[in-house]
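Down below is the structure, laid out as structure tokens.
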Amino acid sequence: MICIDLGSNTIRACEIDENLEVKSSFEKIVGSARGLSQKGLANDAMERIENALSELINKFDFSNGYFAAATQAFRISPNAKQFFEQIYDKFGIKFEIIDGVSEAKFTKFGILNRAEKIGLDVDLALSIDLGGASTEISFKDKFESFGFGIVSFCEKYNANLNKFNQFADFTTLKAREFINKFKFNSVILTSGVPTSVAALKIGMNYDNYEAKAINGQILQMSDFENALNLIQNAKNPDILVGKNRADILLAGIFLLKSLLNGINLPFVVIDDGLREGLGVACSKKILNKKAKK
């Protein structure tokens, strides 16, 4: 089946088989939350999403069904429902806007599936998914979603590194209070910021990124500092981290550093997240896959 995660920064899709293994994948930066206002999604954001979907439907065979989920930017956008009606009419794909707790749960499904496949014990691990406009955190059967992310944080403080540093702790305060409730033995990091930091650590760039090389990689706080320096000093950061991603990745690194400050445990990176977790949820009959129109 095809699993689609339309996030606040990126659209990620994959074909997942009956063994819950990814056969092929698709990823595109769409910046859904860029320019988000009280009126809703910006016109250029909607255009980027439609362009990405045009590519996506030509890449995958939808004959075995699909599930398409949309997250925080669409939860808070007044025009999201109308936009998705247009998407369904144009592409035959029906998106469901899932709530934050469900997003955290399904992301955990994806993490657990990959952890099992690589022989990683994550029973007592804290999981953090830092997204474009929200952040989902889970520990065992406790799930929470927080209303901050790398795109919203970057835009709020105008891509200013001094302000990132100044306001990161204020932004993450409630999330850190949630984290401090638990006794965990490791931290699982998923989403674009930690995977990008892990890629930079081993000399990968955006174009040659390979998830298999990232899954299970261990990060230290110094790796985030090194990534900051690499991105800031790069002559062409787009080559390193992808077109127009540098500022939001810098914002995300400051947020992650704040969330992880004082935690002296392994930070384990897993590429799998909500996209793959949707497939797991469908296999468990928690979600019902759909037939493309």
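The values are calculated or read from the model by the stated rules, or taken from the named source; none is laboratory data. Fair warning: this is a prediction, and the values are worked out from it, not measured in the lab. So basically every Cβ, Gly included, is an ideal-geometry build from the backbone, and we count neighbours across all protein chains shown. Surface accessibility is based on the protein's heavy atoms, side chains included, excluding ligands, DNA and RNA. Shrake-Rupley method; radii C 1.70, N 1.55, O 1.52, S 1.80 Å.
If you check Ala211 against the conditions, is it small (Gly, Ala, Ser) and open to solvent by 10 Å² or more (accessible area, probe 1.4 Å)?
When the stated conditions are applied, Ala211 passes them.
Yes/no per residue for (1) at pLDDT 95 or above; (2) open to solvent by 60 Å² or more (accessible area, probe 1.4 Å); (3) touching a Lys or Arg at 6+ places or on another chain (Cβ under 9 Å); (4) not small (Gly, Ala, Ser):
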| position | (1), (2), (3), (4) |
| --- | --- |
| Leu189 | yes, no, no, yes |
| Pro194 | yes, no, no, yes |
| Ala198 | yes, no, no, no |
| Gln217 | yes, no, yes, yes |
| Ala234 | no, no, no, no |
| Leu260 | yes, no, no, yes |
| Val280 | yes, no, no, yes |
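Given the conditions (1) of a type in the set (Phe, Trp, Tyr); (2) open to solvent by 40 Å² or more (accessible area, probe 1.4 Å); (3) within 27 Å of Ala42 (Cβ to Cβ), report the number of the one that Tyr157 does not fulfil.
Just one mismatch for Tyr157, condition (2).
Out of everything in the range 70-92 that is touching a residue at least 40 places away in the same chain (Cβ under 8 Å) and touching a Phe, Trp or Tyr at 6+ places or on another chain (Cβ under 7 Å), what residue ends up being farthest from Asp44 (Cα to Cα)?
Once the filter is applied, the top-ranked residue is Ala70.
Of (1) surrounded by fewer than 17 Cβ atoms within 10 Å (Cβ to Cβ); (2) at pLDDT 95 or above, Pro266 satisfies all except one. Which?
(2)
Please tell me if Leu249 is open to solvent by less than 10 Å² (accessible area, probe 1.4 Å), touching a residue at least 12 places away in the same chain (Cβ under 8 Å), aliphatic (A, V, I, L, M) and closer than 20 Å to Leu6 by Cα.
Taking the combined requirement at face value, the residue satisfies it.
For a quick check of your reading: which strands (runs of 3 or more DSSP E) sit entirely within the range 1-58 and have at least 3 residues that are of a type in the set (A, V, I, L, M)? Steps first, answer last, please.
Numbers: elements: 2-6, 10-16, 22-29.
So the answer is 2-6, 10-16.
Does the range 138-163 hold any residues that are part of a strand (DSSP E or B) and free of Cβ contacts under 8 Å to residues at least 60 places away in the same chain, and which are they?
Listed by number, the residues that qualify are Ser138, Phe139, Lys142, Phe143, Glu144, Phe146.
Which of the residues belonging to the range 169-186 are crowded, with 22+ Cβ neighbours inside 10 Å and within 12 Å of Leu260 (Cβ to Cβ)?
Listed by number, the residues that qualify are Thr172, Ala175.
Can you name every residue in the range 44-89 that is among the polar types (S, T, N, Q), out of contact with any Asp or Glu (no Cβ under 9 Å at 6 or more places or on another chain) and either surrounded by fewer than 22 Cβ atoms within 10 Å (Cβ to Cβ) or on the phi > 0 side of the Ramachandran plot (or both)? Lay out the reasoning, then the answer.
Step one: list which residues in the range 44-89 are among the polar types (S, T, N, Q), which gives 51, 54, 58, 63-64, 71-72, 77, 79, 82, 86.
With out of contact with any Asp or Glu (no Cβ under 9 Å at 6 or more places or on another chain) added as a condition, the list becomes 51, 54, 58, 63, 77, 79, 82.
Matches in the range 44-89: Asn51, Ser54, Asn58, Ser63, Asn79, Gln82.
Of all residues in the range 228-265 being among the charged types (D, E, K, R) and assigned to a loop (DSSP other than H, G, I, E, B), which is farthest from Thr10 (Cα to Cα)?
Top of the filtered list is Lys235.
If you take the residues of the range 29-43 that are among the hydrophobic types (A, V, I, L, M, F, W, C) and under 19 Å from the mean Cα position of the chain (by Cα), which of them is surrounded by the fewest Cβ atoms within 10 Å (Cβ to Cβ)? So that I can check it myself, show each step before the final result.
Pass one, the range 29-43, residues among the hydrophobic types (A, V, I, L, M, F, W, C): 29-30, 33, 36, 41-42.
Still in the list and also under 19 Å from the mean Cα position of the chain (by Cα): 29-30, 33, 36, 41.
Working: Ile29: 19, Val30: 25, Ala33: 29, Leu36: 23, Leu41: 23.
Filtering first and then ranking leaves Ile29.
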